[in-house]
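Accompanying notes for the structure given below.
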Amino acid sequence: METIHGITPPVTLAAPAVSQARQAETTFSDIIGAMMTNTDQQQRNADLAMQQLHGGGEKNLHEAMIAIEKADISLRFAVQVRNKAIEAYQEIMRMQV
């Protein structure tokens, strides 16, 4: 067993493969859901910052631009994850069984 800074990982018994697959599926779903929620929240924050800037309520242009760029980067990342997931699905469908 490997140790990291003197910590020994706990010993676990092998679980059935079905439950491990279900656990991995749930975890992947949770990760994608959290990413989409985060992307949506950043888009909303950018929209709010832009509305406040245009309405004269927010005088800090730098913070508004940072919020917009965060939203843009988050959306681009989500699109790339979607593209990779579609590519993986298509590759699986091309496999001969």
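Sorting 28-34, 72-78 by average packing, meaning the other beta carbons within 10 Å per residue, from highest down gives 72-78, 28-34. Spin-label model, residue 81 to residue 51: label points 7 Å out along the Cα-to-beta-carbon direction sit 2.6 nm apart.
Of all the accessible heavy-atom surface of segment 57-97, with the other protein chains kept in place and a 1.4 Å probe, what percent is carbon and sulfur?
62
Site pair residue 91 and residue 34 shows an inter-label distance of 2.4 nm when each label is modelled 7 Å from Cα along Cα→Cβ.
The values are calculated or read from the model by the stated rules, or taken from the named source; none is laboratory data. No experiment lies behind these values; they were computed from the predicted model shown. For neighbour counting, all protein chains shown are included, and Cβ atoms are generated from backbone atoms with ideal geometry for every residue, glycine included. Only protein heavy atoms, including side chains, enter the accessible area calculation; ligands, DNA and RNA are left aside. Shrake-Rupley method; radii C 1.70, N 1.55, O 1.52, S 1.80 Å.
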